[in-house]
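Reviewing the structure listed below.
The values are calculated or read from the model by the stated rules, or taken from the named source; none is laboratory data. Just so you know, these numbers come straight off a predicted model, no measurement behind them. All Cβ positions, glycine included, derive from the backbone under ideal geometry; neighbour counts span all protein chains shown. Remember, those area values only see protein heavy atoms, side chains included, never the ligands or the DNA or RNA. Shrake-Rupley method; radii C 1.70, N 1.55, O 1.52, S 1.80 Å.
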Amino acid sequence: MMKLFRRLTMSIFLPLILIASAVYYIGFTTDGLRLTYKLANNYIPGKLQIEELNGKLFTTFSLNNVLYTKDQQTISIAHVDIDWSPIKFLQNKMPLNTLTLTQGVVKQEGHSIITFEGTLKDVWNIEWQAHIPEIGLQSTGKITGAFAAPILDAKAVCQNIIIKGYKLRSIELSANARLVNNQLITNLKAYLNNHQNEIHGVVNLKNLSKTSPITGNFNLQLTDLTSLMPVNPYAKNPRGNVTGSGSLSGYLNHPQLTANFLLDQGQVNIPRLGVRLKNIKLTAIYNKNNQVNLQGIVHAGHGLANLNGTINLAEQTLLLHTKGDNFKVIDTSEYKIHLSPDLNLTMNPKKIRLEGNILVPSAQITPNNTNDSSTLPSEIVFVNEPKTNVSLPAHFSMQIHLTLGNDISIQTEGLKAKLGGQLVISESPGTPPTGTGELYADKGTFKAYGQTLTLLPSSRLVYTGNMLTNPGMNIRAGRTINTATSALASNTAVQSNYSDLDNLTVGVEVSGTVNKPTIGLFSNPGGLSHEDILSYLLFNQPRGKLGAGSVSLLNTALSTLTPGQTAQTIQKALSRFDISTENVDAVDPSSNRGLFNPVPTRVYKLRYQMGKHWAIQSETSSLENGIDLLYGFERD
């Protein structure tokens with residue numbers, strides 16, 4: 001029995017004795033410290049080198065010239081002193097008594113990134129400096145204070161920071177953190193680009209666990225918006241003051257934030273539109289439901305626009321309503337337009353919808369004349385030409401009721417008129433916008449064949465669900481001729497039809513669509529041939545009274561009525577004609593009347609420009625007709 005007891009005792013205690021001996025050797029002898037170093041070097045990633053080791057692993061030990069290398073990163077420490085007691089782990093106490101670090105350096109690819117040194121014994125006294133050129137970071141900091149209540153002070157400057165495509169020139173950060181009664185209190189401050197843009201706040205964290213309660217608040221003030229705006233060709237010189245505040249609550253793993261922001265006295269220039277948005281005031285309130293409520297007002301010119309909306313960040317939706325009055329949207333040399341919108345915009349991941357009403361109270365449209373420009377045939381194709389098509393999202397739709405007010409004028413390509421009318425603009429996903437309604441011209445004139453014609457009140461652009469760029473056209477422009485005083489009185493072939501009329505109206509009419517226009521001539525009353533109508537437009541007399549040169553020019557003018565031409569081609573052809581009148585003293589070649597006393601005579605001059613240098617000019621009067629071929633050039 002005694003033998004069995006001895007065997008059991010040896011089988012139990014012998015392993016314990018061996019383990020205790022191993023622990024004592026490793027933890028309480030210098031040789032054990034060296035053995036631990038060798039074992040660690042075999043199992044840790046990278047390579048660890050220590051020039052000199054002294055002391056005991058579980059009490060006090062020192063290391064000289066420590067070097068750890070892994071890939072392109074190295075950590076070196078000139079001297080390390082550690083005094084600790086592992087038994088304090090079992091007592092739920094801090095095991096570290098003293099820590100001393102001297103000349104610690106972290107390097108990446110041979111460049112110094114972080115340097116640190118300090119001591120920990122009853123109080124903290126550790127400092128560091130950091131320089132990370134890859135992210136433009138420079139940082140300094142220190143840890144001080146009692147051992148159980150450390151205080152961290154740190155500063156950092158980051159340059160050229162890019163956050164989701166937005167670039168900040170610099171961010172200056174400072175932090176002060178204190179551990180008091182197991183509660184971490186952190187004060188934070190940040191400057192964006194300069195000290196005129198400041199954010200500061202406080203965060204309190206209790207118990208230091210994932211479910212720790214968290215509280216805090218912040219304040220924001222931005223007064224230099226120009227430095228915060230990215231380079232943008234569309235928006236220049238932003239101004240204004242942004243203030244904000246917020247509070248933080250909840251738990252570390254589920255924080256909740258409420259905040260409000262105010263932009264006041266804002267303004268920004270939009271050079272391409274010639275507009276300055278001013279007196280901008282915008283409020284944004286963020287609540288715990290991940291929802292942002294928007295409200296604001298923007299002035300432009302003598303008008304304004306009010307904004308109201310909601311953004312749901314969780315569902316990625318936007319509801320925005322804008323209502324304005326006489327709001328200036330463009331003010332350039334060619335376009336001056338004011339709008340009074342009443343629009344609703346709905347956005348979510350599946351659709352974008354714009355609907356409402358737009359009143360255009362005033363607009364002056366005077367685009368640059370394009371008659372002198374040349375275009376290449378449509379058959380010519382440019383190889384490797386960059387694509388510049390800009391299209392709306394495929395899930396975009398809209399329905400807008402557009403109404404033109406009483407002060408809409410247009411002056412372009414020989415047209416000068418007041419515009420009016422209403423139009424419903426519709427667009428479904430994946431289809432081009434279409435229109436339903438009419439736009440009409442009032443009190444307008446139109447230049448054709450060198451004459452200024454008056455637009456008839458019946459002139460219209462008609463939309464019946466067709467594309468906005470291709471409306472139907474019903475445009476008539478004409479001039480009234482006094483039949484009693486014109487050469488009509490001497491034209492017996494025509495006189496019999498109009499002998500009871502004092503006035504005759506002749507003109508040009510355009511029908512069809514913009515893409516397929518048809519140009520023709522009309523008279524009121526009807527019955528005149530195209531040749532006579534055009535002759536009255538050009539020469540104020542019927543074709544039968546023209547000379548040979550004028551007839552030739554008349555035939556050239558008739559060629560512009562060829563069906564199938566584009567509106568731009570027709571207008572360019574019409575613009576090549578120039579008509580003028582001149583009062584001269586002449587001699588009648590048939591009777592020598594006026595030889596000594598010249599006869600006052602009105603001469604009609606019609607000029608057709610065939611190219612840059614060549615032109616044909618016809619002169620017609622009651623005495624004679626003539627035609628000349630002209631060549632012109634410029635001398636430097």
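Taken over the stretch 105-124, the residue count meeting the criterion of being basic (Lys, Arg) and farther than 18 Å from residue 66 by Cα is 1.
Of the residues that make up the stretch 431-440, is at least one among the aromatic types (Phe, Trp, Tyr), in contact (Cβ under 8 Å) with a residue 60 or more places away in the chain and farther than 19 Å from residue 341 by Cα? No: zero hits. Answer yes if at least one residue in the stretch 496-504 is surrounded by 15 or more Cβ atoms within 10 Å (Cβ to Cβ) and modelled with pLDDT of 55 or more, and no otherwise. Checking the stretch 496-504: at least one residue is surrounded by 15 or more Cβ atoms within 10 Å (Cβ to Cβ) and modelled with pLDDT of 55 or more. Could you please let me know if residue 266 is on the phi > 0 side of the Ramachandran plot and open to solvent by less than 60 Å² (accessible area, probe 1.4 Å)? Judged against the criteria, residue 266 is not a match. Pairs are defined by a Cβ separation below 6 Å, a sequence spacing of at least 6 or placement on different chains, a first member in the stretch 454-473 that is among the β-branched types (Val, Ile, Thr), and a second member that is part of a strand (DSSP E or B); the pairs so defined are 454/445; 462/438; 462/472. Of the residues making up the stretch 191-215, those that are open to solvent by less than 30 Å² (accessible area, probe 1.4 Å) and either of a type in the set (Val, Ile, Thr) or modelled with pLDDT of 95 or more (or both) are 201, 214.
For the stretch 227-248, a residue qualifies if it is outside any strand (DSSP E or B), within 25 Å of residue 259 (Cβ to Cβ) and open to solvent by 60 Å² or more (accessible area, probe 1.4 Å), and the qualifying residues are 229, 230. Among the residues of the stretch 117-161, just one is aromatic (Phe, Trp, Tyr) and exposed (fewer than 14 other Cβ atoms within 10 Å of the Cβ), namely 147. If you go through the stretch 407-450 and keep only what is within 31 Å of the chain's Cα centre (by Cα), more than 17 Å from residue 465 (Cα to Cα) and open to solvent by 70 Å² or more (accessible area, probe 1.4 Å), you end up with just 411. For the stretch 117-193, the strands (runs of 3 or more DSSP E) that sit wholly inside it and include 3 or more residues that are hydroxyl-bearing (Ser, Thr, Tyr) are 137-146, 166-180. All of 232, 237 fail the test of being modelled with pLDDT under 90 and either among the small types (Gly, Ala, Ser) or out of contact with any strand residue (DSSP E or B) (no Cβ under 7 Å at 6 or more places or on another chain) (or both), apart from 232.
Selection within the stretch 335-351: residues that are open to solvent by 50 Å² or more (accessible area, probe 1.4 Å) and over 26 Å from residue 395 (Cα atoms). The member of this set that is modelled with the highest pLDDT is 336.
Checking each residue in the stretch 115-171 for being without any contact (Cβ under 8 Å) to a residue 12 or more places away in the chain and under 16 Å from residue 190 (Cβ atoms) picks out only 163.
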